[in-house]
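Heads up, the thing below is written out as structure tokens.
The values are calculated or read from the model by the stated rules, or taken from the named source; none is laboratory data. Bear in mind the structure is a predicted one, so any value in this text is a computation, not a measurement. When we count neighbours, we look across all protein chains shown, and the Cβ atoms used for this are built from the backbone with ideal geometry, even at glycine.
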Amino acid sequence: MDPDEIEFTVDVGGGADGSLVAPHGELDMATQGELRAALEQQAARGAVTLDLSGLRFLDTSGLRLILETAEASARDGFTFSVLPGIPAVQRLFDVAGVRELVPFADSEEGDKP
Amino acid sequence: MELLTSAGEIADGRVPLDAVVPRLLDLVVPTLADCCVVYGDGSDPRVIGVRVAGSDPAREAAIRREPPHRPPAAALLLSERELGPFAARSGVLLALRARGQPTGALLLASCEPNRYTPADLRFLQVFAGRLAVGLDNARLLTAERQLEALVGALEDAVAVLDGGGRIVMANPAAARLMQVDSVEVLIATPPAQLWERFALYDADGRPLAAGNLAWARAREGERRPPPRLVRRIDRETGDQRWLLLKSSILRDDRDRPVMAMYVTEDVTAVRRAELGQRLLAEAGRILSSSLDLDASLQEVVELTVPALADWCGLELPGSGGMLELAAVAHLDPAKVAVAHRLRARHPVQLDGDGDGAAPGVIRTGVAFRMDNISREMVRAAAVDAEHLELLDSLGLSALLVVPLRSGGNVLGALTLVSSQAHRRFDDADEAVATALAQRVADALRNARLLHDRAEIANVLSAGLRPESSPVLPGCKIATVYRPAGEEVQAGGDFYDVIDTPSGSIVVMGDVVGKGAPAAALSALSRVTLRTAGRLTGQAAAALDELNHALRRRGAMSLCTVVAIALPTELPGTAEVLLAGHPPPLLVRDGVATPLGESGPMLGAVEVAEWPVATVELALDDVIVLYTDGVLDSILPGGDRFGEERLRRLVEGAGSDVEALAVSLTAELELLRLRDDVAMLAIRCPGPPALLARGTLSDGAEPLLELRLPGGPEAPRAARHALTEALGGRLSKRIEGDALIVVSELVSNAIRHGGARTPGADVSVHAVLRGAALRIEVTDPGPGFDPGGHGPRADGGYGLLLLDRMATGWGVSGSDPVTVWVELQ
């Protein structure tokens, strides 16, 4: 399998309330713009659930985007929650020491799908 | 006489006009006349009724078309000529008068000649007088009925009270408002008795006294009573209404109030919406305007009293699984202490079942409502007499507890209590309370995020504190560091010694602000200076980069910095840059001299240049860097510590930097600190060592030699190449970290290192020795681009990651520049 074959895609509008934004593939400086556009579009509708489970890779370009979205949600008043990703993705939040800044859905309520 | 009696019966009957006229005509025709016409009064003299004996509609219609007769001054016999259209031989025209006013005319005509004689006129006039009264009553009755119909259709309750305070007229809306079956019942009941079933409060929540009942204005003698807003609670059902009472007073000739008309509008829905919106808007303003959350929460709960409740408490999970009363407000301020005492004596456990509604609401996130709380229920809930007394004194008749919900989490509960008997909370109350609780919860969550950030700042700046003496080979360094903040054990002051390929840079900074936000900003500033300094080896570029970072951050993020680039050998030239920072002191032969020329504070201007002052350093020279917290400390007598005392202290210590630190520390014990205090003194007996290169480069297995075209696709290409080259030989964790590191380094090369486009290449080399991996990323330079004003997307996290993931990392070269990282 050639990993280059796996294209980055963003699914928008899934989930029970249609607020789901689910990126697939690798999130880095080349792909964060596409996710940012999807998040902003969904935020304008009042609620965003970012599902990281389809991500294979995340670096600080994506981390920054997630933190900015969390800040924007507090400032602009839309709801924002994040469904965690694979361990390699979650590790970045821990190493950067920002896990508490990200509203992970599993960490409080246990309503992980 | 019989006729007069019958006429009187018309007059006395309570029959409307359209029924009276035919009766009148029945009475007259044919007994008194063959033809009878009733005309209206002066303002409308048209025919009201006409009757011709034997019923002749064609003739009746003809008579209606004739010009009307006006009421004569006295009874008048009509000539045959005047009677032409009536085809009559004799006739009489009579005035109808009532209440002293002509109200119309009555014409009688007969086919007999001389049917009416002057002798009859007196009788006929009396007869007409009786009829006139009957018609007038009927007319009034009709007008009254029209008015009644009009008032009856009104949605507003209308009640007219006479001088004695009895209701003389009311509409069905008034009956509905007062919750009685009909207008008749309403009129039959004295108003005081009607109002008894309600508790009344004014707009400020004060009870209205019995003598000040809603419909009791007529006795107050006010000329134009202003509308009054009354909150009315049904003592039986707890139904709460907001009523707007408008009254007008009818006065007699002597200006005495005779009647009062009340129009009562039910403004409950409007008032609720208005109160709710005002409450929420005000709460939003309070919560967003202050960083002092405790004070804001207190202000918010005070808003709800009395608009929503008589007392309001905010409960948050506290230490030891207990619920803490974070804020409380009561209509009677004296009772706030009672609420706190109650909680102190009878703590509530978050997972306790018998401790009221709040724990359950917090656990389940479902609001709780309870009405009609009786004294018996309170008594049953009380654990002892004292508890009961405290509960009683608070007053408890209805309860509403809503969860503080934010982002799917319940952070606490908002409790609203009404002490007013029979008041109950309804859906509208719950909706407002829920919206309010949501705002409070969002504010709490934001504050916690801020607190968490402060914690992170603590962690980030932990590197500042324990590193009491940064090590610079060949140099002696002594430091003093004292944060003024109480909550955060790291302050806004920082210092660092940065190793760069071209020498060491000593920096000290002071961010504007105190406490957690300052610590966070200080961490950012330190990391940025360190990163940029390490990558460029230039103090000016480091300042420029931090300036951009602060500008990008917005919200007046300001920082003063002094940076000194030390020479690699002595004697040599040091460069001193000041960005709004107090000038460092050069101590040579026991004399202190300020260094540098001040430039703008970082974050204050978009683009700036900082003057570079050079100073020739010799062996045993001491440089003392400090923040203005030292100068601004207050002596026991109230004087500022100031420049002169610092200079004497520094000169007294001579070239012994440790002695300087000890004497400043001793001095600080006596001072009152107004800001963070930092001091760093450095003595250079020999050349500061250059940054050591990594150790892995020798004798390692080459893993990857890659040249990538620049541009945003490069990080991904580098990651994939590295994954392939590693072939699963390292642990998942190290491989994952390595991918992040290579992604960061390549991204950084693209953003800042001039490899923005595919035309410029980035090189990635990797070697492996055992379980240790070394990655080198080289870009065409100029290393770090100090002129680049574009957004820096990594926000400083990239370098933080390197620091945490790598066992070692560094920078070599300046054009091209290579960043190396070792992982193990």
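Take the stretch B:353-387 and flag every residue that is among the β-branched types (Val, Ile, Thr) and assigned to a loop (DSSP other than H, G, I, E, B). Talk me through it step by step, then tell me what you get.
First, pick out the residues of the stretch B:353-387 that are among the β-branched types (Val, Ile, Thr): B:361-362, B:364, B:366, B:373, B:378, B:383.
Scanning the stretch B:353-387 gives B:Val366, B:Ile373, B:Val383.
For the stretch B:388-428, filtering for residues that are over 20 Å from B:Ala327 (Cα atoms) and crowded, with 21+ Cβ neighbours inside 10 Å leaves 5. Does B:Leu108 satisfy being surrounded by 14 or more Cβ atoms within 10 Å (Cβ to Cβ) and over 13 Å from B:Val37 (Cβ atoms)? No: the conditions fail for B:Leu108.
Against the test of being at pLDDT below 85 and either part of a helix (DSSP H, G or I) or more than 22 Å from B:Val561 (Cβ to Cβ) (or both), the options B:Gly485, B:Gly474, B:Gly513, B:Gly491 yield a single qualifying residue, B:Gly474. Within the bounds of the stretch B:394-413, is there any residue that is farther than 17 Å from B:Phe368 by Cα and in a helix (DSSP H, G or I)? Among the residues of the stretch B:394-413, at least one is farther than 17 Å from B:Phe368 by Cα and in a helix (DSSP H, G or I), which makes the answer yes.
Here is a list: A:Ala96, A:Ala105. Which entry is facing chain B (nearest Cβ under 8 Å) and touching a residue at least 40 places away in the same chain (Cβ under 8 Å)? On inspection, the qualifying residue turns out to be A:Ala105. Screening the candidates B:Val185, B:Val126, B:Val160 for the property of being buried (at least 18 other Cβ atoms within 10 Å of the Cβ) and among the β-branched types (Val, Ile, Thr) yields one hit, B:Val160. So which residues in the stretch B:314-324 are touching a helix residue (DSSP H, G or I) at 6+ places or on another chain (Cβ under 8 Å) and either part of a helix (DSSP H, G or I) or basic (Lys, Arg) (or both), if there are any at all? Of everything in the stretch B:314-324, nothing turns out to be touching a helix residue (DSSP H, G or I) at 6+ places or on another chain (Cβ under 8 Å) and either part of a helix (DSSP H, G or I) or basic (Lys, Arg) (or both). Just name the residue that is nearest to the chain's Cα centre (by Cα) out of those in the stretch B:709-724 that are in a loop (DSSP other than H, G, I, E, B) and more than 7 Å from every other protein chain (Cβ to nearest Cβ). Here the residue is B:Gly711. Scanning the stretch B:404-415 for residues that are more than 24 Å from B:Arg345 (Cα to Cα) and in contact (Cβ under 8 Å) with a residue 12 or more places away in the chain yields B:Leu404, B:Arg405, B:Ser406, B:Gly407, B:Asn409, B:Val410.
Does A:Gly14 meet the test of being away from chain B (no Cβ under 11 Å), more than 14 Å from B:Gly407 (Cβ to Cβ) and modelled with pLDDT of 90 or more?
Numbers: away from chain B (no Cβ under 11 Å): yes; more than 14 Å from B:Gly407 (Cβ to Cβ): yes; modelled with pLDDT of 90 or more: no.
No; evaluated as a whole, the condition is false for this residue.
Mind checking whether some residue in the stretch B:359-379 is within 26 Å of the chain's Cα centre (by Cα), surrounded by fewer than 19 Cβ atoms within 10 Å (Cβ to Cβ) and among the aliphatic types (A, V, I, L, M)? Yes, that holds for at least one residue. Is one or more of the residues making up the stretch B:289-299 surrounded by fewer than 16 Cβ atoms within 10 Å (Cβ to Cβ) and touching a Ser or Thr at 6+ places or on another chain (Cβ under 9 Å)? Yes: the stretch B:289-299 contains one or more residues that are surrounded by fewer than 16 Cβ atoms within 10 Å (Cβ to Cβ) and touching a Ser or Thr at 6+ places or on another chain (Cβ under 9 Å).
As a summary of the residue check, A:Pro84 satisfies the conditions (1) more than 8 Å from chain B (Cβ to nearest Cβ); (2) modelled with pLDDT of 90 or more; (3) surrounded by fewer than 21 Cβ atoms within 10 Å (Cβ to Cβ); (4) out of contact with any Phe, Trp or Tyr (no Cβ under 6 Å at 6 or more places or on another chain) except for the one numbered (4).
Among residues of the stretch B:725-750 that are within 8 Å of another protein chain (Cβ to nearest Cβ), those with a beta-carbon under 8 Å from a residue that is aromatic (Phe, Trp, Tyr) and buried (at least 23 other Cβ atoms within 10 Å of the Cβ) at least six positions away or on a different chain give the pairs B:Leu739/A:Phe57; B:Ser743/A:Phe57.
Does the stretch B:310-320 contain any residue that is at pLDDT below 85 and among the hydrophobic types (A, V, I, L, M, F, W, C)? Scanning the stretch B:310-320 turns up no residue that is at pLDDT below 85 and among the hydrophobic types (A, V, I, L, M, F, W, C).
Do you know which of the residues in the stretch B:751-761 that are over 13 Å from B:Ala717 (Cα atoms) and either at pLDDT 70 or above or part of a helix (DSSP H, G or I) (or both) is nearest to the other protein chains (Cβ to nearest Cβ)? Before the answer, list the steps.
Our first condition is that a residue be over 13 Å from B:Ala717 (Cα atoms); within the stretch B:751-761, this holds for B:751-757, B:759-760.
Still in the list and also either at pLDDT 70 or above or part of a helix (DSSP H, G or I) (or both): B:751-752, B:760.
Details: B:Arg751: 8, B:His752: 12, B:Ala760: 15 Å.
Among them, the one singled out is B:Arg751.
Among the residues of this structure, A:Asp76 counts as one that is among the acidic types (Asp, Glu), farther than 18 Å from A:Val10 by Cα and more than 10 Å from chain B (Cβ to nearest Cβ).
The condition of being in a strand (DSSP E or B), closer than 29 Å to B:Gly238 by Cα and of a type outside the set (Lys, Arg) holds for only one of B:Ala337, B:Ala327, that being B:Ala327. Taking (1) touching a Cys at 6+ places or on another chain (Cβ under 8 Å); (2) not in a loop (DSSP other than H, G, I, E, B) in turn, B:Val92 satisfies each apart from (1). Among the residues examined, A:Thr60 does not qualify as buried (at least 20 other Cβ atoms within 10 Å of the Cβ), away from chain B (no Cβ under 11 Å), in contact with a Leu (Cβ under 7 Å, 6 or more places away or on another chain) and of a type outside the set (A, V, I, L, M).
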